[in-house]
Amino acid sequence: MNPFKEIISGELLQRGRVMKNLPFLLYLTFLMLLYIGYGYYVDNSVRRINDLNEKGEELYSELQSVLELYDQESLQSKIVEKTSKWGVYESKDPPKKIELSYE
């Protein structure tokens, strides 16, 4: 008899084939559950990696903005403007070497 007809008619369950193969069927069920669980695990891992990549890109963009701001603020002319209110000024003369003699 055709296996499909045996399943539809119910003869497969009456002969005891299912009971004989119950450990194997449980093993297959366990493997299917593991496969489904692994699929969910991989999906969550990929989603977490994508979220971290987006956060990294945002942080990199913020870093570039801060570095550009730092470069603008650290220009010599900006420093001279900010320190002039304290009486600190830029020297126009080159430094001179001071020699001390210990005699």
Among the residues of region 60-78, how many are closer than 19 Å to Y89 by Cα and of a type in the set (S, T, N, Q)? 3
Would you say S61 is small (G, A, S), assigned to a helix (DSSP H, G or I) and modelled with pLDDT under 95? no
When you look at I36, is it of a type in the set (V, I, T) and not in a helix (DSSP H, G or I), yes or no? no
Are any residues in region 1-21 surrounded by 11 or more Cβ atoms within 10 Å (Cβ to Cβ), part of a helix (DSSP H, G or I) and not charged (D, E, K, R), and if so, which ones? I7, S9, L12, L13, V18
Spot the failing condition for K82; the list is (1) surrounded by 10 or more Cβ atoms within 10 Å (Cβ to Cβ); (2) basic (K, R); (3) not in a helix (DSSP H, G or I), and only one is missed. (3)
Looking at region 48-72, I want the residues that are farther than 24 Å from K82 by Cα and have a partner that is modelled with pLDDT under 95 and of a type in the set (A, V, I, L, M, F, W, C) with Cβ atoms under 9 Å, at least 6 apart or on another chain. Which pairs are those? none
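The values are calculated or read from the model by the stated rules, or taken from the named source; none is laboratory data. This is a predicted model, so every value here is computed, not measured. Counting neighbours? That spans all protein chains shown, and the Cβs are built from the backbone with ideal geometry, glycine included.
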